[in-house]
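Only one structure is covered here, and it is reproduced in the block below.
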Amino acid sequence: MKELISEDVVAWLTARKPQWTDIAVDNLHRLPMGASRETFRFDLSYADAQEGAQAMKVILRRDPPASNVDSDRAHEFAAYQAIYGHGVPVPKMILLEQDAGWFDGAVSLAEDLRGFHNSEYQFQDPAWADKLPHVAREMWTAMGKLAAVPVEDLDLSFTRPATRENTALQELDYWVASLDKHDVGPEPITRAAIRQLRRWQPVAQKLALVHGDFRAGNFLYDDDGNLIAVLDWEMAHCGDPLEDLAWSMTRTFCFGKNDLRSGLALREDAIRIWEEASGLTADPAALAWWELFICVKAQAIWNAAAHVWASGQGREVIHAYAAWWLRNAQDKAMLELMGKL
C-alpha cells in the first residue's frame, strides 16, 4: 500500500477541514498492533477561526487490501459514534474518509488516549497478580453496562438488523459463510460444531450492541488496572449480549495457559460480574450455545487470516502467525465444549 506520510495527511485534512489553517502533522508512525487494520499515531495541530489554536493526539486507522475481518472504516466509525456517551468509555471519533484515493484505503481519525496499557500479556507478569481481580471487575462490568444499554437509544443503522429470535442463527450463518469463503482445507471438528449448533438456537433475553471482540487486549487500562476505553469495534453489531460474554471466556484467550479467562478471572467469576452489571441472567444452555458458536466464529477469523496469507493478498506476518498459532487451539476448545476431550 501507499506509504503514509505527513505531507499527504496535511493535504487530506486541508481538503476535508477547510475551516482549519496552519495544519501540522508530527511524529507520524505506525503502531505494531492488530491483524485487521493498519493503525497510525501522530500529533496534530491547527488553527480554527472559532476555537483558536488547537493541538491533539490522534489515531488514524486504515483499511488494508485484505483483512481477516469483513468490515470497513465506516462500520467501525459508526459503532464508536453509536455507543459514545452511553456509559461505555470509548475514544471520540473525528473524521471518516471513505475515498480510498487518498491513502489506498479508507481511513478514520479519532482521539488518541495515550499513556495507558492495552497488552493482554502484561497480566501474566507477577507484578500484576494482585491487580487481576480489579481489572476483571472493570472489564466485565463495562461489558455488562454495554449489554444493558437499550438498543432503541442507539443508532444501529450501520449494522444488519436482528431480532431476539433470529440473531443466533443469523450470526451462525454469517460466520459459516465466511468459513466457506476462506476455505483452507478440511475442518472436521468445526463442521461437527456447526451441525450441533444448527440443531437448536437460543432466543436472546434482549438485543444489545454487541462489541464482537470484547476481551483483554482490546481495552485501555491505567497503572491501577482501571478501564479507560474500549477499543476495536470493527465487528460490532446488533445481537445477543451473551455473544460478548462467551467471546471473552473462550479457551483460546486464556493467555497464561491456565483457567483464567482473558487472562483475568475464572469463568464463574466473569459470569457473576457480568450478570451484576448487566442485570441479565447468563442462562447456562444459551451461554453454552454461544461459547461453541464463538469457536466457529473464531475459526472463521483464523482461517480468513490464513487465506489472506496463502493467497498472497496480504503479507502482514500477523496473518500467518494468528493462523498458525490459533487454529489448532480452537479445535481443542471445540472438542472440550462438545465433551470430546
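The values are calculated or read from the model by the stated rules, or taken from the named source; none is laboratory data. Owing to the predicted nature of the structure, the values given are computational and were not obtained by experimental measurement. No Cβ is skipped: glycine too gets one built from the backbone with ideal geometry, and neighbour counts run over all protein chains shown. Side chains included, ligands, DNA and RNA excluded: accessible areas come from the protein's heavy atoms. Shrake-Rupley method; radii C 1.70, N 1.55, O 1.52, S 1.80 Å.
So how do 336, 51, 76 rank on accessible area, 1.4 Å probe, biggest first, that is with the largest at the start?
Listed by decreasing accessible area, they come as 51, 336, 76.
State the answer as a single residue: which of 210, 230, 308 lies farthest towards the positive end of the charge dipole of the chain, with beta carbon charges of +1 for Lys and Arg and -1 for Asp and Glu, about the Cα centre.
Selected residue: 308.
If the limit is 23 Å between Cα atoms, which of 17/57; 92/297; 257/340 go over it?
92/297
If I take every Cα pair under 8 Å that is 6 or more residues apart in segment 162-269, average their sequence separation and divide by the length, what percent do I get for the relative contact order?
For segment 162-269, the relative contact order is 25 percent.
Please compute the per residue accessible area over segment 227-324 with all protein chains in place, 1.4 Å probe, rounded to a whole number of Å².
Computed with neighbouring chains in place, this is 32 Å² per residue.
Of all accessible surface on the chain at a 1.4 Å probe, what whole percent is carbon and sulfur?
Here it works out to 51 percent.
Expressed as an acute angle from 0 to 90° and rounded to the nearest 10, what is the orientation of the C-alpha long axis of helix 132-148 relative to the principal long axis of the chain?
The helix 132-148 is inclined about 90 degrees to the chain.
Using the Karplus curve 6.51 cos²θ - 1.76 cosθ + 1.60 with θ = phi - 60°, what ³J(HN,Hα) values do you get for each residue of segment 237-243, in whole Hz, with x for Gly and Pro?
Using θ = phi - 60°, the values come out as 6, 7, x, 8, x, 4, 5 Hz.
Below 13 angstrom from the Cβ of residue 48, what's the summed charge of the other residues (Lys, Arg +1; Asp, Glu -1)?
Net of charged neighbours comes to -1.
What is the packing order of peptides 113-121, 231-239, taking the mean over residues of other C-beta atoms within 10 Å and listing the highest first?
So the peptides 113-121, 231-239, ranked by packing, come out 231-239, 113-121.
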